[in-house]
Amino acid sequence: MKLPICAKCGATYRARKNDIRVVTYRKNEEGEQTENEIWCADLLECPICHHEIVWGFGYKAWKNYYEEDFIESLKGVIEREYVVHCFE
Ligand SMILES: [Zn+2]
């Protein structure tokens, strides 16, 4: 798979950390952000300017809020070294 290129440096991004988790949020009826999905992805870094991007998402979310083990999965995710929170 072709990796993205840094627009500033022209360098190809490199994997910094594989298999990170991304937690997406949605607004509930009260307008509060609540956890919606957990995705697996990779963290890439430009070797020159060290700009980071999240890339290589799976075909579908690893966990959805309506799944029985979502809260338990979320607890495990929070303890990981690399978690990106993506708010609506
Ligand atoms: Zn760069």
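The values are calculated or read from the model by the stated rules, or taken from the named source; none is laboratory data. It should be emphasised that the depicted structure is a prediction, and the values quoted were computed from it without experimental measurement. Using ideal geometry, Cβ is built from the backbone for each residue, glycine included, and neighbour counts are taken over all protein chains shown.
For the range 54-73, enumerate the residues that are more than 30 Å from A7 (Cβ to Cβ) and either within 16 Å of the ligand (Cβ to nearest atom) or acidic (D, E) (or both).
Correct list: E67, E68, D69, E72.
When the range 1-27 is examined, which residues are found to be assigned to a loop (DSSP other than H, G, I, E, B) and within 19 Å of Y59 (Cα to Cα)?
M1, K2, L3, P4
Against the definition (surrounded by fewer than 12 Cβ atoms within 10 Å (Cβ to Cβ) and either at pLDDT below 95 or acidic (D, E) (or both)), how does E35 come out, yes or no?
No.
What's the total number of residues in the range 27-43 that are under 15 Å from L74 (Cα atoms) and not polar (S, T, N, Q)?
Residues in the range 27-43 being under 15 Å from L74 (Cα atoms) and not polar (S, T, N, Q): 5 in total.
Does the range 31-54 contain at least one residue that is within 17 Å of F87 (Cα to Cα) and more than 17 Å from the chain's Cα centre (by Cα)?
Within the range 31-54, one or more residues are within 17 Å of F87 (Cα to Cα) and more than 17 Å from the chain's Cα centre (by Cα).
Which residues, taken from the range 54-82, are outside any loop (DSSP other than H, G, I, E, B) and either touching a Cys at 6+ places or on another chain (Cβ under 7 Å) or closer than 20 Å to K27 by Cβ (or both)?
Listed by number, the residues that qualify are K63, N64, F70, I71, L74.
Just need a number here: residues in the range 28-53 that are away from the ligand (no atom under 16 Å from the Cβ) and assigned to a strand (DSSP E or B).
10
Conditions tested, residue by residue: (1) touching an Asp or Glu at 6+ places or on another chain (Cβ under 9 Å); (2) loosely packed, with under 12 Cβ neighbours inside 10 Å.
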site	(1), (2)
A15	yes, no
V22	yes, no
G31	no, yes
L43	yes, no
P47	no, no
W55	yes, no
D69	no, yes
K75	no, yes
E88	no, yes
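Cβ contacts < 8 Å: first residue closer than 23 Å to G10 by Cα, restricted to the range 49-71; second residue within 16 Å of the ligand (Cβ to nearest atom) and basic (K, R), any location; separation 6+ or different chain. Result?
C49/K8; H51/K8; E52/R16
Please identify the pairs in which a residue from the range 6-31 that is of a type in the set (G, A, S) has its Cβ atom under 6 Å from the Cβ atom of a residue that is within 16 Å of the ligand (Cβ to nearest atom) and not in a strand (DSSP E or B), counting only partners at least 6 apart or on another chain.
A11/C46; A11/P47; A11/I48
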